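So the structure is just underneath, and the comments pick up after that.
The values are calculated or read from the model by the stated rules, or taken from the named source; none is laboratory data. Being a predicted model, the structure only gives us computed values, none of them experimental. Surface areas here come from the heavy atoms of the whole protein model, side chains and all, with no ligands, DNA or RNA. Shrake-Rupley method; radii C 1.70, N 1.55, O 1.52, S 1.80 Å.
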Amino acid sequence: MNLTQVATNWSVVSGHWSVVIGQWSVVSGQWSVWLLVIGYWLLVIGYWLLVIGYWLLVIGYWLLVISY
């Protein structure tokens, strides 16, 4: 085997690996986007639950005050 064949083989192998790594990075990128979206919605839901809980606390407190 001469150097040109070796170099060609290496470039083919490295090209294949770069394609595989590129595909994986795209997949992981999609996953990170989904995780980001899910995390954002969990944050929004958590915030609203906090707001609702706060208002229920306020209403409960006022009902307690009124009942006395």
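Taking all protein chains as present, what is the carbon and sulfur share of the accessible area of the chain, in % to the nearest whole number, probe 1.4 Å? Could the numbers behind the result be given before it?
Working: 5190 of 6530 Å².
Heavy-atom surface of the chain belonging to carbon and sulfur, 1.4 Å probe: 79 percent.
I'd like to check one number: the per residue accessible area of the chain, probe 1.4 Å, reported in Å² as a whole number.
96 Å²
Compute the length gained on full extension between LEU56 and LEU43: take 0.36 nm times their separation in residues and subtract their Cα-Cα distance, giving the result in nm to one decimal. List each step's numbers first, then the result.
On the way: separation 13, 0.36 × 13 = 4.68 nm, distance 1.97 nm.
Result: 2.7 nm gained on full extension.
Expressed as an acute angle from 0 to 90° and rounded to the nearest 10, what is the orientation of the C-alpha long axis of helix 3-67 relative to the principal long axis of the chain?
For 3-67 against the chain, the angle is about 0 degrees.
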